[in-house]
Amino acid sequence: MNLARLQTLKADFLLFTTAIAWGLTFLMVQDAIADVPVYAFLFWRFFISTLLMAVIAYKYIPAINADAVKYGVILGTVLFAGFATQTFGLLYVKSSIVAFITGFNVILVPFLAYMLFKQHISKKIIISSLVALAGLYFLTMSGSLTFGFGEVLVLICALMFAFHIVLTGQYSSKANVFLVVLFQFITVTVLSLVFSLGLEPATFDLNFDYTFVKAVLVTAVFATVYAFLIQTYMQQYTTATKTAIIFTMEPVSAAFFGVYIGNEILTANQLWGAVLIIGATLLSEIKLPDKFKPSTLFKRNKKRCT
């Protein structure tokens with residue numbers, strides 16, 4: 001195995017841990033926002049993440065330049081747009097349907113990567129994306145899918161998350177990763193604060209109970225600083241489309257964590273969906289031997305015909 005292949009596998013594994021971290025914190029966030037406004041929660045989560053990231057990136061601060069700020073602001077704005085449209089969508093649509101529509105980004109990413117940056121997408125990855133989407137359907141769907149106002153909002157959310165994955169892949173190697181992540185967090189913090197002050201009854205005067213503080217601290221450390229730092233750094237070594245496939249493991253980990261911690265019960269369809277998603281992730285990692293590649297088979301058949 002060559003060094004480049006080993007680096008790609010390492011990047012994919014660390015991105016996998018990011019998806020697991022998001023899934024494991026799902027119940028904590030769900031419990032916290034039951035009593036705290038969503039944008040207020042996002043503000044405190046990203047505010048603490050910004051402080052932690054500032055400590056981590058401290059030695060790079062003298063190297064701040066226009067590119068780091070620009071890329072961080074762009075990524076932060078797109079990320080917040082995803083959170084915002086998803087949150088408003090939850091006011092109109094069941095959370096299970098929101099999860100499925102959000103998962104459409106696994107299909108949107110390869111098309112955006114090709115349209116924006118002419119990235120070639122292999123047939124194997126396209127198939128993996130379709131299998132992952134089918135898995136998401138079985139795992140998350142528990143109602144009828146229509147397209148009203150709420151569903152349109154969540155579809156925009158999926159598009160924003162797809163943009164975020166594709167743009168992260170492009171920007172991660174063009175500026176200092178630590179500074180890009182720092183300014184991304186600053187952007188989400190500021191926008192969350194503006195939306196919370198403008199739309200919610202409280203931002204600072206909250207009940208800082210154990211549930212809220214635990215959820216904020218855990219998501220800030222693992223689901224934000226760790227997750228987005230890993231994503232931004234590791235997407236230099238893998239493709240945006242494969243990243244999107246790996247990230248479909250988030251609802252899988254959330255579902256299984258819900259079983260063991262939240263005493264939830266997985267249906268047969270949900271288990272089948274989880275199997276499909278895991279299979280899609282493994283398929284995206286398989287490197288076909290040369291003898292099984294279409295171009296090789298074509299050449300072999302051509303020789304036999306002559």
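The values are calculated or read from the model by the stated rules, or taken from the named source; none is laboratory data. All of these numbers come straight from a predicted model, not from anything done at the bench. Heads up, the Cβs are rebuilt from the backbone with ideal geometry, glycines too, and the neighbour counts pull from every protein chain shown.
Only one residue in GLY198, GLY169 is without any contact (Cβ under 8 Å) to a residue 12 or more places away in the chain and farther than 30 Å from ASN269 by Cα, so which one is that?
Details: GLY169 fails: without any contact (Cβ under 8 Å) to a residue 12 or more places away in the chain.
Going through GLY198, GLY169 in turn, just one is without any contact (Cβ under 8 Å) to a residue 12 or more places away in the chain and farther than 30 Å from ASN269 by Cα: GLY198.
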**Item:** Scope segment 244-276; condition within 30 Å of TYR71 (Cβ to Cβ) and either acidic (Asp, Glu) or touching a Ser or Thr at 6+ places or on another chain (Cβ under 8 Å) (or both); matching residues
**Value:** ALA244, ILE245, ILE246, PHE247, THR248, MET249, GLU250, PRO251
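When you go through ILE101, ILE74 one by one, which is the residue that is of a type in the set (A, V, I, L, M, F, W, C) and touching an Asp or Glu at 6+ places or on another chain (Cβ under 9 Å)?
ILE101
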**Fill in**
For segment 118-164, the count of residues that are under 24 Å from THR232 (Cβ atoms) and modelled with pLDDT of 85 or more equals 12
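Checking the condition surrounded by 22 or more Cβ atoms within 10 Å (Cβ to Cβ) and of a type in the set (S, T, N, Q), which residue from ASN65, ASN105 passes?
ASN105
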**Item:** VAL152 β-branched (Val, Ile, Thr) and over 26 Å from MET115 (Cα atoms)
**Value:** no
**Request:** Determine the pairs where a residue that is farther than 20 Å from ALA227 by Cα, located within segment 152-166, has a partner that is among the polar types (S, T, N, Q) with Cβ atoms under 7 Å apart, the partner being 6 or more residues away or on another chain.
**Result:** LEU153/THR85; VAL154/THR85; VAL154/GLN86; VAL154/THR102; ILE156/THR85
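Just name the residue that is surrounded by the fewest Cβ atoms within 10 Å (Cβ to Cβ) out of those in segment 33-62 that are aromatic (Phe, Trp, Tyr) and within 18 Å of LEU193 (Cα to Cα).
PHE47
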**Request:** Scan segment 158-186 for residues that are within 15 Å of the chain's Cα centre (by Cα) and aliphatic (A, V, I, L, M) and jot them down.
**Result:** ALA158, LEU159, MET160, ALA162, ILE165, VAL166, LEU167, VAL181
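What about TYR58, is it among the hydroxyl-bearing types (Ser, Thr, Tyr) and over 20 Å from the mean Cα position of the chain (by Cα)?
yes
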